[in-house]
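Presented below is the structure to which this report refers.
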Amino acid sequence: MSINDLLKAEDITKALATFTAAESFDHKKFFQMIGLKSKSSDDVKKVFKILDQDASGFIEEDELKHVLKGFDKNGRDLSDKETKTFLKAADKDGDGMIGIDEFAILVAEL
């Protein structure tokens, strides 16, 4: 399964274009723009599994830095500050990683 089976490519392209400048990434706005907020819990978890590139069950900080490339290979890397802000927002249990349930909660919080 690919990300484009779950989300519209044109929505992803438009959202990525919005956040091309360094320090401009806003996960809430990005998830809303790509239509993730309106997806079912199952679909949100499918997206998580695609973004969890090492299939560890978690999105670690190094994976999070490259998360936009999970949506499109032309996505930019997040800055260290953006990565840490995103991680802080999602990491509810403080283990330094985003689990599948934490990801689902983060998307639902929008």
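The values are calculated or read from the model by the stated rules, or taken from the named source; none is laboratory data. Values in this document were obtained by computation on a predicted structure and should not be read as measured data. In this analysis, Cβ positions are derived from the backbone assuming ideal geometry, glycine residues included, and neighbour counts consider all displayed protein chains. Just so you know, the surface numbers come from the protein's heavy atoms only, side chains and all, with ligands and any DNA or RNA stripped out. Shrake-Rupley method; radii C 1.70, N 1.55, O 1.52, S 1.80 Å.
Suppose the filter is within 12 Å of the chain's Cα centre (by Cα), touching a residue at least 12 places away in the same chain (Cβ under 8 Å) and under 14 Å from residue 104 (Cα atoms); does residue 45 pass it? The answer is yes for residue 45. Here the helices (runs of 4 or more DSSP H) wholly within the chain that include at least 1 residues being aliphatic (A, V, I, L, M) and open to solvent by less than 50 Å² (accessible area, probe 1.4 Å) are 9-18, 41-51, 61-65, 67-71, 80-90, 100-108.
List every residue pair whose Cβ atoms lie under 8 Å apart, where the two residues are 6 or more positions apart in sequence or sit on different chains, the first residue falls within region 12-32 and is in contact (Cβ under 8 Å) with a residue 12 or more places away in the chain, and the second residue, located anywhere, is open to solvent by 40 Å² or more (accessible area, probe 1.4 Å) and among the hydrophobic types (A, V, I, L, M, F, W, C). Partner pairs satisfying both residue conditions: 14/33; 15/33; 18/33; 28/110; 31/110; 32/110.
Of everything in region 57-68, what is under 20 Å from residue 93 (Cα atoms) and without any contact (Cβ under 8 Å) to a residue 24 or more places away in the chain? Give them in sequence order. 62, 63, 65 - these are the residues of region 57-68 that are under 20 Å from residue 93 (Cα atoms) and without any contact (Cβ under 8 Å) to a residue 24 or more places away in the chain.
Listed by first and then second residue, the pairs with beta-carbon distance under 6 Å, at least 6 apart or on different chains, first residue in region 81-110 and within 17 Å of residue 33 (Cβ to Cβ), second small (Gly, Ala, Ser) and buried (at least 16 other Cβ atoms within 10 Å of the Cβ), are 106/90.
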